[in-house]
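Read through the structure below, which is laid out as structure tokens, and then see the notes.
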Amino acid sequence: MTTTIFFATDIHGSDICWSKFLNAGKFYGADQLILGGDMTGKAVVPFIHQGGSNYRVTLLEQIFEITTEDELMEMKKKVRSRGYYPYLTNPDEIQELEKSPEKVNAIFEQEVLKVVQQWMELAEKKLAGTGMKIYCCPGNDDMDEVDDVIRESRVVELAEGNVTMLASGHEMIASGWSNRTPWNTHREEDENQLAARYEAMISQLKNPQASIFNIHVPPYKSGLDEAPELDKDLRPVLAGNSMIPVGSTALRSAIEKTQPLLSLHGHIHEGRGSTRIGKTLVINPGSMYEQGTLLGAIIKLGKNKVENYVLTTG
Amino acid sequence: MSDLFVRKATGMVRSWSVFDAFIYAFFSINLVTLGFYSFSQMYYFGGGMIPALIISAAFIIFEVVVYASLIAVMPRSGGDYVWQTRVFGGGIGFILSITGWWFTLWLWTPIYGDMLRQIVLTPLLGAFGFQEAAVWIAGQGTPLFVSSLLTLLFVALVIFLGMKSYARVQKYSFYAGMLGLLIVLVLLFTGSPEKFKAGLDANSASYFGTSGSLYEPTAQAGVDAFASTPMTGGTFGLIMVTLPYLVFFNLWPNWGATLYGEVRGATDYKRNFSGMAWALGVTTLLAIIFFLGVNRTIGWDFYVQANGAWWNYAWGYVTEAPPLPVWPNPAMLAVFLTDNRLIQIIVLLLMSTWWFGWAGTLFLSSTRVIFAAAFDRLLPEKAAELNDRGTPVNAMLYMILPAIVVAAMYAYNLAGFRSITLAATQGIAIMYFGTAIAAIILPYKKKELFEASPIAKMKVAGIPLITVAGLIFGGFLLFLLVEWFFDPWLNTGGVPPGLYGISIANTNSIIFLGSCYAIAAAIYYGFKSKRKSEGIDMDKVTAEIPVE
């Protein structure tokens, strides 16, 4: 059975990218949608009340003075388009938040989950009854609570840690866990633990060579895992000219051994590309979420082969 | 007061050092390789070199604004190819970028090879006493081809080792090269014309086996070659006419410009701008100091005449080799001011690092654009294939094999290839022109993208800065293109090849450039048609998905 899959990843809280993702099936003629990890945003932008209907907002180090309700709505949209979360506050609360990282974390959790909930509702509104399937697997930047919100959805299927039978009959394993990063994110672990995680899923596959791996982190030294080398202060060394592979060695071994049909990845936004590891087609479509551009990949799959594929810029 | 709360998440890196960014941009407008080489070829102009340097830098600063702005709006996107594709759509971006970053780089290979032998091999062989080898490698035909092959070998080694290693080589080369240049400048400013004349005769005899006095015969050969470029002065018109040649040296502060990690704001734009702008400013200043040093000791007139004497021979206008039988490398002429051979060798080695720290990136952008096109399925999948070591073998072959052919044509001057040196700049400038147009219209064609960028509020009289900078830089490029294609020398009844050698009167140049664009168009439309037959609509995969 031939199927057309659209895969995108690392949309990091961008409303625009989520809406585009939901529309991508119809736009590209895909019948199944797969979203890789890192759905959630990285920053909260305070809208600081200045009295009356006035707010001061600093976005990308540019100060905006908001004076009307329309401007407020427009600014919220602009902030959301970059995947950031607008937060209405006042100077007193800001001072309090500066002293209390726990309170900031609580705001993050509240805003992240609110947006994921809105996204699930939008997915239901747009796709319920269309027959379009969405498979989603949060990534290392996504807090665990995100999974619970997705589980509640009737349109979006949570794929983390499972062998999922796609509508086309292909088996897919999925995980958003990554190898260790300098940021100590929500879902990361040592390579041996990753190896065990992958093996637990691979051992359940009935036809491993016709399966799909949907693993957030790319395989080590695949060319899809090149990121700037950082110093201990997380500063790119040599002005970002020194690129190093940061993918997972455990995943690479798993792909080399299992030789699935297709392996889908994200995590390294600048690692856009495709390659082959043995017979396996390996894809990282990259991410430009902050520009509201949905990078993705269309893959036409036959029963036991990849018939065609292309990376997209939508 | 906090204006942004950020959580721990992948990729939240801090800004890189502006000084590091400066080093890489500084090496791209490389004073010792591109600079010394192009200055020497510009021996027949009427505009002063110092005012030309200043005026060209004043225009090129707008190039820096354009590229820093585009990087801020579309970071991590891979440069001209993606920017143009995003703003114009598929075809134009592909054809301009593939030609500019891929095909044109074939022609740069023998030019890099020429610099390798003139800057590194010839003086060092001479310094170590290999007189015949030193003179042979400086000669025409096979020596240039051999040097081009050595260049390709070095570039292949860099790609094989990877940018992680080479970026460090570049940084060490910066310090070594600067030390070498400092010593050269000290020699130039502390020497005297008399000492130079004596040193020239003695050392040239020792290095290259010449005999007798070289100064007067060299100067006369330069006069016969109509060497006349002044250091200062010249009318504004004459100075402007020098710019289409001078940009061979300084049009590249954006080379390899990139930005990694999350863009947090306008500061990132300023850091990127600063790295490139400081590189342009410091290089321009160093070039002026170098000219003043040359004038003090070597003598400006002799410097220009020696260059004229060499290039008149190298370009085949005369068949008799000049009295100094090698390129008058100014660093070598400066070390002739000391009699200490060990110091000479150390300085020449230090000055060689300007080439080694620069030449390794010859195919860096080419590899990126080949990969980007392959990922867009506009080249075969194998083009982006990596071997077990992670080396892009096929992309390397796509560069190296045609480069060998072009290097041979250039070295042996087949089809008049040696006259089209500036086409190497022209091809990239045409691509830059496309990027300048993209920058001009970006705020209007991609309004939402622009409005949500860190440069949205940067305006001049209400017009976005990127548009204003794009208009000035684009206007400058248009001027260069008009001068190149409609050479002013030919318009006044002069005979080809004219001032720049790449006018419409030079059929070789037009055929080369035209062939490059024709091949690019054939690849684009050929693959587009192939993918269509496979059920992939290439227009659709780059079109924006509706949001609503």
ask   = Only one residue in A:I173, A:I212 is open to solvent by less than 10 Å² (accessible area, probe 1.4 Å), over 16 Å from A:I244 (Cβ atoms), of a type in the set (A, V, I, L, M, F, W, C) and out of contact with any Phe, Trp or Tyr (no Cβ under 9 Å at 6 or more places or on another chain). Which one?
value = A:I212
query = So which pairs qualify, if the first residue must be in region B:97-112 and crowded, with 24+ Cβ neighbours inside 10 Å, the second must be in a helix (DSSP H, G or I) and among the acidic types (D, E), the Cβ gap must be under 9 Å, and the two must be at least 6 apart or on different chains?
reply = B:S97/B:D80; B:G100/B:D80; B:W101/B:D80
inquiry  = Taking the criterion of being of a type in the set (S, T, N, Q), open to solvent by 20 Å² or more (accessible area, probe 1.4 Å) and within 14 Å of chain A (Cβ to nearest Cβ), would at least one residue in region B:522-534 satisfy it?
reply    = yes
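Having 1 or more residues that are in contact with a Phe, Trp or Tyr (Cβ under 6 Å, 6 or more places away or on another chain) is the bar; report the helices (runs of 4 or more DSSP H) wholly within region B:1-119 that clear it.
Numbers: elements: B:18-28, B:36-41, B:49-73, B:80-88, B:90-98, B:104-115.
Result: B:18-28, B:36-41, B:49-73, B:90-98, B:104-115.
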ask   = With B:S509, B:S453 as the choices, which residue is of a type outside the set (A, V, I, L, M, F, W, C), within 11 Å of chain A (Cβ to nearest Cβ) and crowded, with 20+ Cβ neighbours inside 10 Å?
value = B:S453
query = Restricted to region A:242-255, and to residues that are within 11 Å of chain B (Cβ to nearest Cβ) and open to solvent by 10 Å² or more (accessible area, probe 1.4 Å), which residue is modelled with the lowest pLDDT?
reply = A:M243
ask   = How many residues does region B:203-219 hold that are part of a helix (DSSP H, G or I) and exposed (fewer than 14 other Cβ atoms within 10 Å of the Cβ)?
value = 1
query = Is it true that some residue in region B:403-416 is away from every other protein chain (no Cβ under 14 Å), more than 30 Å from B:L153 (Cβ to Cβ) and open to solvent by 20 Å² or more (accessible area, probe 1.4 Å)?
reply = no
task = Among the residues of region B:115-131, count how many are among the aliphatic types (A, V, I, L, M), open to solvent by 20 Å² or more (accessible area, probe 1.4 Å) and farther than 10 Å from B:S147 by Cα.
result = 2
inquiry  = B:I466 - would you say it is more than 14 Å from chain A (Cβ to nearest Cβ), in a helix (DSSP H, G or I), open to solvent by less than 30 Å² (accessible area, probe 1.4 Å) and β-branched (V, I, T)?
reply    = yes
key: Number of the condition not met by B:L125 [criteria: (1) within 14 Å of chain A (Cβ to nearest Cβ); (2) assigned to a helix (DSSP H, G or I)]   = (1)
task = Inspect all residues belonging to region B:334-349 and state whether any of them is under 22 Å from B:A225 (Cβ atoms), touching a residue at least 24 places away in the same chain (Cβ under 8 Å) and assigned to a helix (DSSP H, G or I).
result = no
task = Could you please find all residues in region A:296-314 being more than 10 Å from chain B (Cβ to nearest Cβ) and either at pLDDT 90 or above or out of contact with any helix residue (DSSP H, G or I) (no Cβ under 8 Å at 6 or more places or on another chain) (or both)?
result = A:I299, A:L301, A:G302, A:K305, A:V306
note = With criteria (1) more than 7 Å from every other protein chain (Cβ to nearest Cβ); (2) without any contact (Cβ under 8 Å) to a residue 12 or more places away in the chain; (3) crowded, with 20+ Cβ neighbours inside 10 Å, B:F39 comes up short on (2)
Unique match (being in contact with a Pro (Cβ under 7 Å, 6 or more places away or on another chain) and either closer than 22 Å to A:Q193 by Cβ or not basic (K, R) (or both)) among A:S287, A:S248 = A:S248
inquiry  = Given the options B:F433, B:F479, name the one that is modelled with pLDDT of 95 or more, in contact with a helix residue (DSSP H, G or I) (Cβ under 7 Å, 6 or more places away or on another chain), open to solvent by 40 Å² or more (accessible area, probe 1.4 Å) and among the aromatic types (F, W, Y).
reply    = B:F433
request  = For residues that are outside any helix (DSSP H, G or I), more than 8 Å from chain B (Cβ to nearest Cβ) and touching a residue at least 12 places away in the same chain (Cβ under 8 Å), tally how many sit in region A:191-221.
outcome  = 14
task = Count, please, the residues in region B:266-283 that happen to be out of contact with any helix residue (DSSP H, G or I) (no Cβ under 6 Å at 6 or more places or on another chain), open to solvent by 30 Å² or more (accessible area, probe 1.4 Å) and within 11 Å of another protein chain (Cβ to nearest Cβ).
result = 2
Restricting region B:539-548 to residues that are in a helix (DSSP H, G or I) and facing chain A (nearest Cβ under 8 Å), the residue that is most open to solvent (accessible area, probe 1.4 Å) = B:K540
key: Members of region A:23-43 found to be over 14 Å from the mean Cα position of the chain (by Cα) and either within 12 Å of chain B (Cβ to nearest Cβ) or more than 14 Å from A:G296 (Cβ to Cβ) (or both), listed by number   = A:N23, A:A24, A:G25, A:K26, A:F27, A:Y28, A:G29, A:A30, A:D31, A:A43
inquiry  = On the basis of being within 14 Å of chain A (Cβ to nearest Cβ), part of a loop (DSSP other than H, G, I, E, B) and either on the phi > 0 side of the Ramachandran plot or out of contact with any helix residue (DSSP H, G or I) (no Cβ under 7 Å at 6 or more places or on another chain) (or both), does B:R377 make the cut?
reply    = yes
message = Please determine whether any residue of region A:224-241 is crowded, with 19+ Cβ neighbours inside 10 Å and either touching a His at 6+ places or on another chain (Cβ under 8 Å) or closer than 25 Å to A:N304 by Cα (or both).
response = yes
request  = Out of the residues in region A:110-137 that are part of a strand (DSSP E or B) and at pLDDT 90 or above, state the one that is nearest to the chain's Cα centre (by Cα).
outcome  = A:C136
task = Give region B:312-339 a look and list any residue that's farther than 18 Å from B:E194 by Cβ, open to solvent by 10 Å² or more (accessible area, probe 1.4 Å) and not aliphatic (A, V, I, L, M), or say none.
result = B:N312, B:Y313, B:W315, B:G316, B:Y317, B:T319, B:E320, B:P322, B:P323, B:P325
Pairs where the first residue, in region B:163-186, is within 14 Å of B:F356 (Cβ to Cβ) and the second is open to solvent by 60 Å² or more (accessible area, probe 1.4 Å) and in a helix (DSSP H, G or I), C-beta under 6 Å, 6+ apart = B:S173/B:F356
task = Tell me, yes or no, whether region B:137-158 has at least one residue that is under 30 Å from A:P236 (Cβ atoms), open to solvent by less than 20 Å² (accessible area, probe 1.4 Å), out of contact with any Cys (no Cβ under 7 Å at 6 or more places or on another chain) and within 14 Å of chain A (Cβ to nearest Cβ).
result = yes
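The values are calculated or read from the model by the stated rules, or taken from the named source; none is laboratory data. All values derive from a computational prediction rather than experimental measurement. Every residue, glycine as well, gets a Cβ built from its backbone with ideal geometry; the counts of neighbours run over all protein chains shown. Just so you know, the surface numbers come from the protein's heavy atoms only, side chains and all, with ligands and any DNA or RNA stripped out. Shrake-Rupley method; radii C 1.70, N 1.55, O 1.52, S 1.80 Å.
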